[in-house]
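Here the structure comes first, spelled out in structure tokens, and everything after it is commentary.
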Amino acid sequence: MSGKTFKLGIMGGTFNPIHQGHLVAAEFIRDEFKLNEVLFIPSGKPPHKDNNEIAPPEHRWMMTVLATASNEHFSVSSLEIERVGESYTRETILQLKKIYPENTECYFITGADAIAEISTWHKTEDLSQITKFIAASRPGYKLDIKSIDSRFQQCTYLMEIPALTISSTEIRKRIKERKTIKYLLPEAVEKYISKNKLYG
């Protein structure tokens with residue numbers, strides 16, 4: 001790999017549970033930006049989320065492994081789950097830079113709604129120097145690049161993903177209401193949720 005840039009997509013998320021929207025977004029972005037790998041990182045203790053409705057980290061990690069197994073360009077890291085305390089993007093990227101070769105270029109994949117709030121993220125002062133951002137939006141969600149923190153306008157790309165109308169919140173709601181979730185997420189994940197009685 002010497003000399004040639006290795007393009008790493010970093011897909012952070014609660015993945016509570018992971019669904020087809022996440023997978024379609026990762027694959028479309030991988031193809032569009034010619035990424036060598038997309039690394040899924042389930043968050044350990046997300047600072048911006050209410051942790052009451054979140055399945056235990058080991059379950060979310062396992063569901064992500066099951067969901068991504070069939071794609072040779074996808075891999076999963078337990079880095080944030082193993083880290084003590086809350087999960088912050090900056091620490092994760094700096095840690096990955098120590099693991100991956102020097103010629104690695106990082107692309108942090110997140111939702112357009114999350115990038116709109118980037119100024120509230122923890123320790124963002126050098127974030128724009130250590131990674132580029134790809135903000136995935138669902139159809140109809142209009143994000144004006146000028147509305148985000150000016151430090152990130154030059155290093156952020158926007159991409160509309162049709163499948164992002166699926167949401168983890170909706171899936172959890174359907175499970176509680178005993179409605180079908182078939183085809184909203186991979187079959188292996190659906191079976192895992194049922195076997196482990198998650199979100200019921």
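Some observations on this one:
- Residues (in contact with a Gly (Cβ under 8 Å, 6 or more places away or on another chain) and charged (D, E, K, R)) located in segment 68-93: E80, E82, R83, E86
- Residue that is closer than 16 Å to Y157 by Cβ and in contact (Cβ under 8 Å) with a residue 12 or more places away in the chain, where the choices are F15, F28, F40: F28
- Filter pass, T180 being surrounded by fewer than 14 Cβ atoms within 10 Å (Cβ to Cβ) and either over 19 Å from P17 (Cα atoms) or modelled with pLDDT of 90 or more (or both): yes
- Boolean, S194 is closer than 21 Å to L94 by Cβ and not in a loop (DSSP other than H, G, I, E, B): no
- Hits in segment 49-105 - residues which are β-branched (V, I, T), part of a helix (DSSP H, G or I), out of contact with any helix residue (DSSP H, G or I) (no Cβ under 8 Å at 6 or more places or on another chain) and surrounded by fewer than 20 Cβ atoms within 10 Å (Cβ to Cβ): V65, I99
- For segment 96-117, filtering for residues that are under 20 Å from R83 (Cβ atoms) and modelled with pLDDT under 95 leaves 2.
- Scanning segment 128-142 turns up at least one residue that is at pLDDT below 95 and of a type in the set (D, E, K, R).
- L164 vs. criteria within 19 Å of F40 (Cβ to Cβ), touching a residue at least 24 places away in the same chain (Cβ under 8 Å) and among the aliphatic types (A, V, I, L, M): yes
The values are calculated or read from the model by the stated rules, or taken from the named source; none is laboratory data. These figures come from a predicted structure and were not determined experimentally. Don't worry about glycine lacking a Cβ; one is built from the backbone with ideal geometry, like all the others, and counts go over all protein chains shown.
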